[in-house]
Amino acid sequence: MAIKFNRSQTFATNGTVDAPSLHNLVDGLDIYQSLITDQTNVTSVSTADELLIAIDAGSEGDAPKAVTVQELFQDALTAGTYTNANISEALTYGTATGTRLVSTNATITTGTITTAVIPTLTAGTTTSTAATITSGTVTNLASTTGTIATLNSTTGTIATLVASAGTFAGSLVNVTTGTIGTLNSTTGTIGNFTTTLTGDVTISTGSATVGTRVAVVDTAQEYTRCHNFNATALTITSGTVSWNLAENQVATLEVTTNSTMDTPTNPQAGATYVLIVTQGTGGNNTLSYSTAYKFSGGDAPVLSTGSAEVDVLSFISDGTVLYGVASQNFS
């Protein structure tokens, strides 16, 4: 066993210990580390357990002071700074009233943050299949080149929804009772947009390109600008003229040889059709008609014979027959 005390003071066998010798013995005592390391280990320390500590402000002859474990660590945590602390077990503390800095490389794997203010949050790849915001507010939702499959807002408010070049791939953008303040799609695609209007749709600037009809088919409307059918030219093939009424509601025909109007296709009941006939160079070409064409008095009009003279034939259909009248000899 290692020496715990200095035994430099010697005494005669069976001699008498006088006061000066005893003082010399006590003054020469040294405490070595084996005095501590030879003791029994304790596996846990309570906050009330005590340690001996030398006070820095004391003098050389002062006795050591006692301090509890709790008092020791409370003082250390109050005024000290821990540059690097690795805590592998759960960390539990009371109310944190000051500012707490989370390092830029902190990782929270499965923890729960009840309420937090994060000045800047940078995340690389978000792999979660769903982000659920129950009662919060999304100020700006931007999709630059990404895809938002389905965006549902049941009762909330989306202040600004911007898709610069992305795609709304889902068939639904649902806002049941909420409000979309601004919906911008600069170069993106909205697959299907359905709404029941209580007011008007206004395009204040720019233009709208619509691939299907924009007229309301079951409501009387007044047009303030010209709406017209594009007049297209019919051709003569082996003396016969075909007319697809679904494509050519207003048509032109130059008669360069004696010809016959074949039975027209796709007539619509109640629809009107116009045929503008021009006599070809040299004139005197005739035009006869199938039984699908009927004229007033049962007599088909005879074309004006002069070169470049124009006849206009106007028809209304019952879905099968075209009933026509002729306005002739425009020259």
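Summary of values
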| item | result |
| --- | --- |
| Yes/no for V241 being modelled with pLDDT of 70 or more, over 12 Å from the mean Cα position of the chain (by Cα) and not assigned by TED's automatic domain parsing to the domain that holds S259 | no |
| Filtered residue count, the range 288-317, keeping only those that are under 26 Å from Q268 (Cβ atoms) and in contact (Cβ under 8 Å) with a residue 40 or more places away in the chain | 4 |
| Hey, V201 assigned to a loop (DSSP other than H, G, I, E, B), over 15 Å from F315 (Cα atoms), aliphatic (A, V, I, L, M) and more than 42 Å from the chain's Cα centre (by Cα) or not | no |
| Among (1) within 48 Å of the chain's Cα centre (by Cα); (2) small (G, A, S); (3) under 18 Å from G306 (Cβ atoms) - the single one G280 does not satisfy | (1) |
| Cross-chain or 6+ apart pairs with Cβ under 8 Å, the range 71-90 first and under 20 Å from L52 (Cα atoms) and hydrophobic (A, V, I, L, M, F, W, C), then at pLDDT 70 or above and surrounded by 10 or more Cβ atoms within 10 Å (Cβ to Cβ) | L72/L51; L72/I53 |
| Among residues of the range 46-80, those that are assigned to a loop (DSSP other than H, G, I, E, B) and at pLDDT 70 or above, counted | 15 |
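This table checks each residue for (1) under 22 Å from A66 (Cβ atoms); (2) out of contact with any Ser or Thr (no Cβ under 6 Å at 6 or more places or on another chain); (3) at pLDDT 70 or above; (4) in a strand (DSSP E or B).
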site: T10; (1), (2), (3), (4): no, yes, no, no
site: L25; (1), (2), (3), (4): no, yes, no, no
site: L29; (1), (2), (3), (4): yes, yes, no, no
site: V42; (1), (2), (3), (4): yes, yes, yes, no
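The values are calculated or read from the model by the stated rules, or taken from the named source; none is laboratory data. What you see is a predicted model; the values in this text were computed from it and never measured. Note that each Cβ is placed from the backbone with ideal geometry, even for glycine, and that neighbours are counted across all protein chains shown.
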